[in-house]
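Q: Pasting a structure below so you can have a look.
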Amino acid sequence: MSALPPYATTGQRIWHYGFRVICGLIFFFLIFPILIIIPLSFNAQDFFTFTPEMLALKAEGYSLKHYEDFFTNSDWQQAMTNSIRIAPVATILSVGFGTLAAIGLSQTHVPFRRAIMAILISPMIVPLIISAAGMYFFYSRIGLQGTYWGVVLAHAALGIPFVIITVTATLVGFDKSLTRAAANLGAGPVRTFFKIQMPLILPGVISGGLFAFITSFDEVVVVLFVGSAGQKTLPWQMFTGLREQISPTILAVATLLVAISVALLTTLELLRRRSERLRGMSPG
Amino acid sequence: MAPPVSNMTDATQTGPVLSADGTPLKRSLQKALFRQKMRALALIAPLLIFVLVTFILPIGDMLFRSVENQIVSATIPRTVVALETWDADSGESPGEEVYAAFYWDMAEAVEAKTHTRLGGRLNYEMTGLSSLFRKTGRGVSDIGEFYMDQLADLNDEWEEGAFLADALGAESWVSAATDAAANDVTAPAFVLRDGVADALPLTAHIYSRFAAQTLAEKDSPLEEDPWEAVYTALYQDLISNPNAASAVSPAAANLFTDAAAAVPNFENIGFKEQFIDIDKDWDDPEAWQTIQAYSSAYTAGYFLAAMDLMNTPDGIARVDEDERIYIRLFGRTIFMSLLITGTCILLGYPIAYLLSNLKVRHANLLMILVLLPFWTSLLVRTSAWKVLLQQQGVINDLLVWVGLVADDSRLQLINNQLGTVIAMTHILLPFMILPLFSVMKTIPPSYVRAAKSLGATNWTAFWRVYFPQSVPGIGAGSILVFILAIGYYITPELVGGTSGVFISNRIAYHISTSLNWGLAAALGAMLLVLVLALYWIYDKMVGIDNVKLG
């Protein structure tokens with residue numbers, strides 16, 4: 001936004017600064033709830049608000065006891081283990097199948113391209129509660145309901161649209177003459193794929209994988225229905241905690257999850273820049 | 001006659017163009033194109049099959065369940081057939097043959113314990129049927145016992161499982177089963193004696209069912225007491241065929257002959273009377289009307305219920321005023337989703353405008369403030385709001401401290417519609433800002449400058465020149481936010497209380513608490529149609545391929 005011209009009227013000045021204040025308030029609304037839980041998670045009391053000691057910045061107002069609880073409580077540790085066991089496997093499945101299909105979809109001649117695309121994107125469109133209901137009904141018919149693989153397959157299906165979208169977007173900028181050149185120089189299709197195409201689309205594949213990972217890692221509706229107590233994930237444990245007796249440990253977990261999101265966001269941003277740089281280098 | 005000119009030139013001058021290996025170029029190209037298409041499909045196929053199996057089939061299963069109603073015809077098949085000829089409008093309960101069919105069905109259903117599920121299913125259509133079926137389930141064994149006792153009065157042998165197994169089973173099976181019992185292993189599958197099925201048809205059928213189920217439970221029919229219904233069947237069969245004794249094993253023939261002579265003098269009560277004795281509701285045509293109305297394998301009943309309608313003898317009618325919940329819930333879901341979309345436009349538009357008009361370096365920095373919430377776990381954000389909005393939470397504390405609110409009248413900000421709207425606006429705001437931002441980035445600033453240089457005030461330049469160009473962004477963002485909002489489950493469940501819940505919460509309730517899966521599926525199907533229609537509009541406006549992430 002350009003700076004105010006010297007001839008601006010008082011009204012224009014008020015609007016200029018007023019608009020910035022409004023935007024500041026909206027940014028505050030966006031970020032405040034996420035930031036506020038960080039100090040609250042260090043509360044020495046079992047309260048969800050700032051104690052007078054905390055406001056006075058006294059050391060005894062703060063403690064790590066909620067983090068300690070998270071790392072020692074068997075329920076939370078079990079949930080953490082389950083999340084770590086489920087999300088990476090689901091991610092590998094969706095990235096593996098998804099990347100292959102995205103390469104297929106970006107060919108010049110694909111029959112029924114629109115219909116196929118609609119089917120592959122549909123897990124992202126259909127409301128989660130409907131996916132969860134359908135999977136619950138169908139997976140209990142075939143004996144997958146309440147099993148580890150049931151949850152993994154369901155999460156992989158939910159992650160696939162993100163992989164498809166990010167990888168096809170990367171492939172749009174991919175210069176096809178590179179693969180032709182490789183073939184011309186005698187490389188087979190497999191070698192061309194791993195030596196030429198894969199390094200160039202890797203940023204897209206990784207960010208698709210991160211999306212798929214976070215989808216599975218954050219997912220709670222589907223796992224509530226498809227999973228059983230043995231597959232209780234971190235979000236599920238948080239959900240029950242919030243619904244029944246809300247314990248401040250949730251805030252400690254939330255803070256840790258915010259840290260994970262920041263790490264993911266940074267990775268994605270770095271990948272995006274790398275991808276742009278690589279594309280800038282390739283001719284055409 | 002001279003050939004047409006074009007043909008002549010083709011043949012004489014150019015001829016078909018050939019590729020290097022001598023095949024016509026056209027065919028060669030077609031082959032290459034075909035190979036290319038097949039290669040693309042081969043790459044897509046694994047994922048397509050994966051998504052079809054893990055996702056599309058489940059959705060199809062849900063749609064199927066919303067109309068599926070095989071439980072009635074599967075649990076009481078004979079009754080369904082017998083009821084076909086009964087006139088539901090006659091105002092009278094059906095005749096004896098329906099009750100007889102119902103008895104045989106119930107006898108099997110009670111042993112398989114499926115009658116309570118059927119009662120539960122029919123209870124959705126007529127309250128009270130669930131308990132009626134439970135009560136009847138306990139009552140049907142008395143009917144069989146009535147005949148069993150009379151046979152046992154002739155000879156105690158009749159009560160022995162081994163006696164009936166020996167009388168009705170094939171000799172080879174009886175010896176194999178005796179060996180199996182001695183070695184403590186499960187007996188082989190039951191085989192009827194030759195001729196029993198013709199001489200004692202009812203007994204043969206029900207006894208075979210008994211034997212099959214007993215064996216499935218790893219017990220031996222030689223040791224278990226037969227079902228009571230077997231004795232009802234024996235009574236009926238011996239009445240209609242007094243010479244049945246010739247078909248059973250020689251050792252049992254004497255007892256069968258005696259019984260055949262005695263049964264005409266047995267006390268007998270008709271099935272209709274027996275059922276009315278169990279519960280007088282069986283005399284009421286209404287229960288039978290419900291069974292008849294819902295006996296087909298497919299039903300629109302769940303969809304009717306999902307729209308607050310019901311099937312009555314006089315056609316489709318609305319349910320009572322105080323039971324109409326689903327239309328109201330759909331209405332509330334749509335209204336609140338619209339409200340959330342509206343607040344998202346209101347809050348998202350200034351942010352997107354600011355971001356698209358700042359220098360790229362500054363915009364990228366501020367963009368982090370939008371992307372961080374976008375990337376933060378949904379549950380983290382919901383728990384943050386739950387903590388903030390509580391009566392003893394940070395916001396109420398702050399208001400009390402400032403003095404806007406008295407300590408004893410803290411605001412109720414959560415567990416109502418307000419809580420849902422605040423939390424969901426926060427969660428969905430990035431989905432509004434990002435599409436708006438990408439549209440606003442493409443609006444050339446020179447247009448607004450041109451308008452101003454032609455004398456437009458700031459407001460006119462914005463409203464007449466800038467705003468119309470940003471409308472596609474509003475449209476895309478709004479549909480996205482609306483589609484996401486309308487299917488939300490977690491946030492309304494946690495911060496919505498009872499007044500702030502959506503249709504999704506009701507679907508979840510029917511799946512996991514009330515176990516009315518058919519109704520859950522019907523509600524889900526309606527929500528799905530709504531979302532797909534909106535998505536179709538979104539696709540027309542923006543295109544699926546243009547969905548951007550982050």
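Q: Using a 1.4 Å probe and counting only protein heavy atoms, arrange A:Ile92, A:Ile26 so the residue with the most accessible area comes first.
A: Output order, biggest surface exposure first: A:Ile92, A:Ile26.
Q: Work out the FRET efficiency for B:Phe335 and B:Ala181 from their Cβ-Cβ distance, taking R0 = 56 Å, and round it to the nearest 0.05. Intermediate values should be presented prior to the final figure.
A: Working: r = 69 Å, r/R0 = 1.23.
With R0 = 56 Å, the Cβ-Cβ based efficiency is 0.20.
Q: With every protein chain left in place and a probe of 1.4 Å, what is the accessible surface of A:Arg272, to the nearest 10 Å²?
A: That residue has around 100 Å² of solvent-accessible surface.
Q: In chain A, what is the volume of the convex hull around the alpha carbon atoms, normalised per residue and reported in Å³?
A: Details: hull volume 65.0 nm³, N = 284.
Convex hull of Cα atoms, per residue: 229 Å³.
Q: Looking at segment B:40-104, which GluC sites (Glu not before Pro) are DSSP coil and have at most 12 other C-beta atoms within 10 Å of their C-beta?
A: Counting only loop positions with at most 12 other Cβ atoms within 10 Å, the GluC sites (Glu not before Pro) in segment B:40-104 are B:Glu84, B:Glu92.
Q: 7 Å from Cα along Cα→Cβ at both B:Ser240 and A:Asp46: what's the point-to-point distance in nm?
A: Those two pseudo-labels are separated by 7.1 nm.
Q: Which value does Rg/Rh take for segment B:227-303 over its C-alpha atoms, Rh per Kirkwood?
A: Working: Rg = 19.2 Å, Rh = 15.8 Å.
That ratio is 1.21, to two decimals.
Q: Looking at segment B:79-283, what % of the alpha carbon pairs are farther apart than 27 Å? Can you show the working numbers first?
A: Details: 7389 of 20910 pairs.
Summing the P(r) of segment B:79-283 above 27 Å gives 35 percent of all pairs.
Q: May I pose another question? For segment A:1-98, how big is the tail of P(r) above 23 Å, as a whole percent of Cα pairs? Write out the running numbers ahead of the final one.
A: Working: 2966 of 4753 pairs.
Everything past 23 Å amounts to 62 percent.
Q: I would also like to ask the following. Semi-axes of the protein assembly as shown's equivalent ellipsoid from the Cα gyration tensor, sqrt of 5 times each eigenvalue, largest first, rounded to whole Å?
A: Working: eigenvalues 840, 314, 153 Å².
Values for the protein assembly as shown, descending: 65, 40, 28 Å.
Q: Using each residue's phi in segment B:397-403, evaluate 6.51 cos²θ - 1.76 cosθ + 1.60 at θ = phi - 60° and report the 3J(HN,Hα) Karplus result to the nearest Hz, with x for Gly and Pro.
A: Values per residue, Gly and Pro as x: 4, 5, 5, 5, 5, 5, x Hz.
Q: Cross-link candidates for A:Lys232: which aspartates and glutamates have Cα within less than 15 Å, leaving aside residues fewer than 8 places away along the same chain?
A: Those aspartates and glutamates meeting the cut-off are A:Asp75, A:Asp218, A:Glu219.
Q: Taking the Cα-to-Cβ direction at A:Ser63 and at B:Ile276 and moving 7 Å from each Cα, how far apart do the two end points lie in nm?
A: 7.5 nm
Q: Rolling a 1.4 angstrom probe over the protein chains, ignoring ligands and nucleic acids, what is the accessible area of B:Arg39 in square angstrom, nearest 10?
A: Using a 1.4 Å probe on the heavy atoms, I get roughly 140 Å².
Q: Related question: Sequence gap at least 6, Cα distance under 8 Å: using those rules, report the relative contact order of chain B to the nearest whole percent. Don't jump to the answer; show the numbers that get you there.
A: Working: 611 pairs, mean separation 80.3, N = 550.
Answer for chain B is 15 percent.
Q: A drop of at least 40 square angstrom in accessible area, chain alone versus all protein chains together, probe 1.4 Å. Which residues of segment B:344-362 meet that?
A: With the partner chains in place, segment B:344-362 has these residues losing at least 40 Å²: B:Leu347, B:Pro350, B:Ile351, B:Leu354.
Q: Given a 1.4 Å probe and heavy atoms of the protein chains only, how would you sort B:Ser295, A:Ser131, largest accessible area at the top?
A: The ranking, largest first, comes out as B:Ser295, A:Ser131.
Q: Shifting gears a bit: Run the 1.4 Å probe and let me know the accessible area of B:Asp284, rounded to the nearest 10 Å².
A: 60 Å²
Q: To continue, here is another question. Go ahead and estimate [θ] at 222 nm for the protein assembly as shown from helices alone: -39,500 (n - 2.57) per DSSP H run with n ≥ 4, summed, over the residue count, rounded to 500. Can you show the working numbers first?
A: Details: 40 runs with 568 residues, N = 834.
So the calculated ellipticity at 222 nm is -22000 deg cm²/dmol.
Q: If contacts are Cα pairs under 8 angstrom and at least 6 residues apart, what is the relative contact order of segment B:61-160 in percent?
A: Numbers: 63 pairs, mean separation 19.9, N = 100.
Once divided by the residue count of segment B:61-160, the mean separation gives 20 percent.
Q: For segment B:79-135, what does the alpha-carbon gyration tensor say about shape, rounded, prolate or oblate, given a ≥ b ≥ c as the root eigenvalues, a/c under 1.5 as rounded, and a/b over b/c as prolate?
A: Note, shape of segment B:79-135 comes out oblate.
Q: Return the ratio Rg/(2.2 N^0.38 Å) for segment B:44-83, where Rg is computed over Cα atoms only.
A: Details: Rg = 16.7 Å, N = 40, 2.2 N^0.38 = 8.9 Å.
Output field value: 1.87.
Q: Just to check I understand the Karplus step: with θ = phi - 60° and J = 6.51 cos²θ - 1.76 cosθ + 1.60, what whole-Hz values come out for segment B:450-458, glycine and proline as x?
A: Whole-Hz 3J(HN,Hα) from phi for segment B:450-458: 4, 4, 5, 5, 8, x, 6, 6, 4.
Q: Which angle between 0 and 90 degrees, to the nearest 10, do you get for helix B:503-512 versus the longest principal axis of chain B when only C-alpha atoms count?
A: 30 degrees
Q: If you roll a 1.4 Å probe over chain B with all protein chains in place, what percent of the accessible area is carbon or sulfur? Don't jump to the answer; show the numbers that get you there.
A: On the way: 15440 of 26470 Å².
Reported share for carbon and sulfur atoms: 58 percent.
Q: Which of the residue pairs B:Lys113/B:Lys280; A:Lys176/B:Lys31; B:Lys31/B:Lys540; A:Lys58/B:Lys386; A:Lys195/B:Lys359 have a Cα-Cα distance greater than 29 Å in the structure shown?
A: Checking Cα-Cα distances, B:Lys31/B:Lys540; A:Lys195/B:Lys359 exceed 29 Å.
Q: Right, here's the next one. Largest first and in whole Å, give the semi-axes of chain B's equivalent ellipsoid, each being the square root of 5 times a Cα gyration tensor eigenvalue. Could you put the intermediate results ahead of the total?
A: Working: eigenvalues 963, 315, 107 Å².
Ellipsoid semi-axes (Å, largest first): 69, 40, 23.
Q: Taking Cα pairs under 8 Å and at least six residues apart, what relative contact order does segment B:430-550 come out at, in percent?
A: In percent, rounded to a whole number, it is 24.
Q: Largest first, what is the accessible-area ranking of B:Leu519, A:Leu55 with a 1.4 Å probe? Mind showing how you got there, number by number?
A: On the way: B:Leu519 10, A:Leu55 125 Å².
The ordering from most to least exposed comes out as A:Leu55, B:Leu519.
Q: With N denoting the number of residues in segment B:400-522, provide Rg(C-alpha) divided by 2.2 N^0.38 Å, to two decimal places.
A: On the way: Rg = 21.8 Å, N = 123, 2.2 N^0.38 = 13.7 Å.
Compared with the compact-globule rule of thumb, segment B:400-522 sits at 1.59.
Q: Okay, moving on. In whole angstrom, how far apart do the alpha carbon centroids of segment A:213-284 and segment B:25-87 sit?
A: Segment A:213-284 and segment B:25-87 have Cα centres separated by 33 Å.
Q: Let me ask something else. Per Stokes-Einstein, at 20 °C and 1.002 mPa s, what whole-number D in µm² s⁻¹ belongs to segment B:127-232, with the Kirkwood radius over Cα pairs as the hydrodynamic radius? The partial results should precede the final answer.
A: Values: Rh = 14.8 Å.
Reported coefficient: 145 µm²/s.
Q: Further, regarding this structure: Pop out a list of residues from segment A:21-67 that are at least 50 Å² less accessible with all the protein chains around than in their chain alone; 1.4 Å probe, no ligands or nucleic acids counted.
A: A:Ile26, A:Phe27, A:Phe29, A:Leu30, A:Ile31, A:Pro33, A:Ile34, A:Phe48, A:Thr49
Q: Going by a ≥ b ≥ c, the root eigenvalues of the Cα gyration tensor, does segment B:327-546 fall in the rounded group (a/c under 1.5), the prolate group (a/b larger than b/c) or the oblate group?
A: oblate
Q: In degrees, nearest 10, range 0 to 90: what is the angle between the Cα axis of helix B:467-486 and the longest Cα principal axis of chain B?
A: Here the helix axis deviates by roughly 20 degrees.
The values are calculated or read from the model by the stated rules, or taken from the named source; none is laboratory data. On a predicted model such as this, the values are computed, not experimentally measured, just so you know. All Cβ positions, glycine included, derive from the backbone under ideal geometry; neighbour counts span all protein chains shown. Heavy atoms of the whole protein, side chains included, go into the accessibility calculation; ligands, DNA and RNA do not. Shrake-Rupley method; radii C 1.70, N 1.55, O 1.52, S 1.80 Å.
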